[in-house]
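The values are calculated or read from the model by the stated rules, or taken from the named source; none is laboratory data. In this text the structure is predicted, and so the values were computed from the model without any measurement. Cβ placement follows ideal geometry from the backbone for every residue including glycine, while neighbour counts extend to all protein chains displayed.
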Amino acid sequence: MGHFYDDPDFSYQDYWKNRDYEHQCEILAIQNLLDSQHFNNAVDIGGGFGRLSQLISKYCRKTVLVEPSAKQRALAKKLLKDTKIKVLAGLSDKTKLEDSSVDLAVLVRVMHHLPDLNSTLAEVHRILKPDGVAIIEFASSLNLKSRIISWLTGKPILPVPLDRRRMANIRQGSIPFVNHHPITFQKTLIRNGFSIQKILSVSNFRGLAIKSLRLEKILQQLLGKLYFGPSIFILAKKESL
């Protein structure tokens, strides 16, 4: 995955220049999920150039950003140079962090690159302390637009894992982009030793003429029950396996 974000012709920072609505929606979601909580140690896994790391650090005594891309790590070190946030090399399923070493793990814009969630969720479970929590975001296959298309075409959106053929096609490409079904995603979380604490629907008005952050803030939790938006944020707690 790192090689995609190391491409000199691709700028992940530029990607976010015209996506302030989505960025602010994700900030609202993290604030909603963490509320007034405070943690000793946190990790921003796949944190890229540090877009959300400073926000996460406000809830933590120590924060680490783990990122596979050398280019993104260099940008993160520059962006976070005046902070105490450490930037380390690592993969979502091989963070190189110690067992039971963090209270909070955050994975935003990571899971859509992972056709198979299990190795990453096992790694998150490993590094979390007992009763530690994770904020995990994923692109939802059951969003409103997908449901409308399903209704028009008559093709159902099934809560099943990717078939082998699609998995093979994804592996042949340079990087996978996968929408996960919310029900399947939650079942996978539970199988990997997590309990679901809270679900939010995020970026609910993306693509509409009116992008209301006020409505977004009010409706994230309500619409989370409906899996309405293109992005779902889950607050999950580590349980014993």
task = Check region 85-104 and report whether any residue there is outside any loop (DSSP other than H, G, I, E, B) and closer than 29 Å to PHE205 by Cα.
result = yes
ask   = Out of all the residues in region 61-69, is one or more over 30 Å from ARG214 (Cβ atoms), surrounded by 14 or more Cβ atoms within 10 Å (Cβ to Cβ) and out of contact with any Gly (no Cβ under 8 Å at 6 or more places or on another chain)?
value = yes
note = With criteria (1) free of Cβ contacts under 8 Å to residues at least 24 places away in the same chain; (2) not in a loop (DSSP other than H, G, I, E, B), GLU22 comes up short on (1)
task = Go through (1) more than 29 Å from LEU219 (Cα to Cα); (2) outside any strand (DSSP E or B); (3) of a type in the set (S, T, N, Q) one by one and return the number of the condition ASN40 breaks.
result = (2)
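The rows are residues; the columns are (1) more than 21 Å from VAL43 (Cα to Cα); (2) of a type in the set (S, T, N, Q); (3) touching a helix residue (DSSP H, G or I) at 6+ places or on another chain (Cβ under 9 Å); (4) at pLDDT 95 or above.
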| residue | (1), (2), (3), (4) |
| --- | --- |
| LEU128 | no, no, no, yes |
| ILE136 | no, no, yes, yes |
| ILE149 | yes, no, no, no |
| LEU152 | yes, no, no, no |
| PRO161 | yes, no, yes, no |
| PRO176 | yes, no, yes, no |
| PHE233 | no, no, yes, yes |
inquiry  = Restricting to region 80-108, name every residue that is touching a Gly at 6+ places or on another chain (Cβ under 7 Å) and surrounded by fewer than 20 Cβ atoms within 10 Å (Cβ to Cβ).
reply    = LYS96
ask   = Pairs under 6 Å by beta carbon, first residue in contact (Cβ under 8 Å) with a residue 60 or more places away in the chain in region 183-205, partner surrounded by fewer than 18 Cβ atoms within 10 Å (Cβ to Cβ) and among the acidic types (Asp, Glu), six or more apart or different chains?
value = GLY193/GLU239; SER203/GLU22
inquiry  = Which of the numbered conditions does PHE205 fail, given that it passes all the others? Conditions: (1) out of contact with any Gly (no Cβ under 7 Å at 6 or more places or on another chain); (2) at pLDDT 95 or above; (3) surrounded by 15 or more Cβ atoms within 10 Å (Cβ to Cβ).
reply    = (2)
query = Just checking, how many residues over region 121-143 are in contact (Cβ under 8 Å) with a residue 60 or more places away in the chain and either of a type in the set (Val, Ile, Thr) or in contact with an Asp or Glu (Cβ under 7 Å, 6 or more places away or on another chain) (or both)?
reply = 7
task = Name every residue in region 197-241 that is aliphatic (A, V, I, L, M) and more than 15 Å from the chain's Cα centre (by Cα), in order of residue number.
result = LEU208, ALA209, ILE210, LEU213, LEU215, ILE218, LEU219, LEU222, LEU223, LEU226, LEU241
ask   = farther than 15 Å from LEU79 by Cα, among the aliphatic types (A, V, I, L, M) and either out of contact with any Phe, Trp or Tyr (no Cβ under 7 Å at 6 or more places or on another chain) or in a strand (DSSP E or B) (or both) - does that describe any residue in region 30-37?
value = yes
Residue satisfying all of: in region 134-150; aliphatic (A, V, I, L, M) and under 20 Å from the mean Cα position of the chain (by Cα); nearest to SER101 (Cα to Cα) among these = ALA134
task = Within region 2-27, track down each residue that is surrounded by fewer than 17 Cβ atoms within 10 Å (Cβ to Cβ) and among the hydrophobic types (A, V, I, L, M, F, W, C).
result = PHE4, PHE10, TRP16, ILE27
inquiry  = Just to check your reading of the model, which residue among ALA105, ALA76, ALA70, ALA89 is modelled with pLDDT of 95 or more and within 17 Å of the chain's Cα centre (by Cα)?
reply    = ALA105
